[in-house]
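Structure first, then comments.
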Amino acid sequence: MPTLSVFMDVPFVHKLEGNLLKAYKQDDCPNKMFLAYKVCMTNEGHPWVSFVVQKARLQISQDPSLNYEYLPTVGMKSFIQASLELLFGKHSQAIMQNRVGGVHTVGDSGAFQLGVQFLRAWHKDARIVYIISSQKELHGLVFQDMGFTVYEYSIWDPKKLCMDPDILLNVVEQIPRGCVLVIGNIIDCKLTPSEWAKLMSMIKSKQIFPFVDIPCQGLYTSDLEEDTRILQYFVSQGVEFFCSQSLSKNFGIYDEGVGILVVVAINNQQLLCVLSQLMRLAQALWLNPPNTGARIITSVLCNPALLGDWKQSLKDVVEKAMLTKEKVKEKLRLLGTPGSWGHITEQSGTHGYLGLNFQQVEYLVRKKHIYIPRNGQINFSCVNANNIHYITESINEAVLFTESSEKCLPKNKPLIGIKL
């Protein structure tokens, strides 16, 4: 008699690595390019690692005082303190008032996993989440798995070719009272003082709970303080919030996924209560966080010489990306590519939108074997001296081709695209 499996009704999940990356790997073209990597890349096409990491690893390996006992559930305290000072500054008002704390988390999404667990248990009226960012975020999946209704918005306006502050303000204006607002990368969304005041007024009056994501501090503007300006503003306004801080990308230790869930409360008593509940939840999720990544980061942040070197390595990465953007813009200008390309250099960080429409992106993928997301946002650290000419020539070709196609096609017969 055959034995029935308890797993017989479990379906297979496709697209774990995404259609775009899968198509790239299956492409036999020798000149294929993938410009959608999330991590910073070197000119040789390898993931970037800050040069201070090797120094820190060597110091750790030679330190006879270290032990390898389990960390407490809250995590490595020196790592948490160093991370909080990195986010808010050593002389932060919130730190001095003992109303900010954190829990050492696992991986890039660990802080969201822990934070969402807490919100589900202790913020029961908030079952709707709004996510606003400059790009597609994965946090929505975490909230959805926990039973939240999720709405996602991008502040990138493909018609204006800019990060539009009006989109941010309009989203917050329509958010119902008591909801959770996840704020991703909005560095390039330049709000005026009056717009900041309006945003804060709506958050306070509607009792919206902000959950800020800081995935790669220092890799946007190369200024650590500028990249967390929104946190300083929230603290100055007395707002309570969560913050997910990941420290894997800005050190280049992608296999040591590490970060913290930051809690900013009204006072120390409230903070301690929240942290106690978070530690209870962390015990069920992972019990003890790993310490290797935390040790590397702490040894850098607490060593003035290594800290200075690390800051310089971040500056080098960002300056290289901005120089690449300038070169791409200039090459497109020299090629006479139709359209304005100034928006490329107006965006901060290693990633940026090319401003291409879906048909142009489809042309690049199908005809030129250049794999970029449907929204046209690419990782500019993937562009180097060996491929920049081919990439810009291909963009020019895609724009010219689609423009001529649109002129020839009847209005009632649009191009049919493929889903990437």
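The values are calculated or read from the model by the stated rules, or taken from the named source; none is laboratory data. In this text the structure is predicted, and so the values were computed from the model without any measurement. Positions of Cβ are backbone-derived with ideal geometry, glycine not excepted, and every protein chain shown enters the neighbour counts. SASA here: full protein model, heavy atoms, side chains in, ligands and nucleic acids out. Shrake-Rupley method; radii C 1.70, N 1.55, O 1.52, S 1.80 Å.
Most tightly packed first, judged by the mean number of other beta-carbon atoms within 10 Å of their residues, the peptides 277-283, 395-401, 107-113 read 107-113, 395-401, 277-283. Applying Stokes-Einstein at 4 °C and 1.567 mPa s to the Kirkwood radius of region 71-302, computed over alpha-carbon pairs, gives a translational diffusion coefficient of 73 µm² s⁻¹. Annotation for region 91-160 versus region 38-73: alpha-carbon center distance of 27 Å.
With the cut-off at 1.5 for a/c, could you classify region 1-142 from its C-alpha gyration tensor as rounded, prolate or oblate? Because a/c hits 1.5 or more and a/b fails to exceed b/c, region 1-142 counts as oblate. Taking a straight line from the alpha carbon of K367, these lysines sit under 19 Å away, with near neighbours fewer than eight places off in the same chain left out: K22, K25, K32, K419. Based on the convex hull around the alpha carbon atoms, region 241-307 presents an average projected area of 5.6 nm². Taking D164, D227, D28 as the candidate residues, the one with maximal mean-square fluctuation in a Gaussian network model of the chain, Cα springs under 10 Å, is D28. Estimated from helical segments only, the mean residue ellipticity of the chain at 222 nm is -13500 deg cm²/dmol, where each DSSP H run of four or more residues counts as -39500 (n - 2.57).
Normalised size of the chain, defined as Cα radius of gyration per 2.2 N^0.38 Å with N residues, equals 1.05. Of the residues D188, D63, D125, the one that moves most in a GNM of the chain with alpha-carbon contacts below 10 Å is D63.
Where both bridge residues fall in region 71-302, DSSP classifies roughly 45% of the beta bridges as antiparallel. Within the accessible area of the chain, the carbon and sulfur atoms contribute 55%, probe 1.4 Å, all protein chains present.
When the C-alpha to C-alpha distance is required to be over 25 Å, the pairs from K190/K325; K38/K315; K159/K320; K38/K124 that qualify are K159/K320; K38/K124.
When both bridge partners sit in the chain, DSSP labels roughly 50% of those beta bridges antiparallel.
In the chain, the longest principal axis of the Cα atoms and the axis of helix 52-61 are about 40 degrees apart.
Each residue of region 324-333 was assigned a 3J(HN,Hα) from its phi angle through the Karplus expression (A = 6.51, B = -1.76, C = 1.60, θ = phi - 60°), giving 4, 4, 4, 5, 4, 4, 5, 5, 5, 5 Hz with x at Gly and Pro.
Give the distance, in whole Å, between the Cα centre of region 232-269 and the Cα centre of region 341-368. Taking the Cα centre of region 341-368 as reference, the centre of region 232-269 is 31 Å away. Ignoring aspartates and glutamates fewer than eight residues from K77 along the same chain, the ones with Cα atoms less than 16 angstrom from its Cα are E69, E85. Please state the shape class of region 186-268: rounded when a/c is under 1.5, otherwise prolate if a/b exceeds b/c and oblate if not, all from the C-alpha gyration tensor. Cα axes put region 186-268 in the oblate bin.
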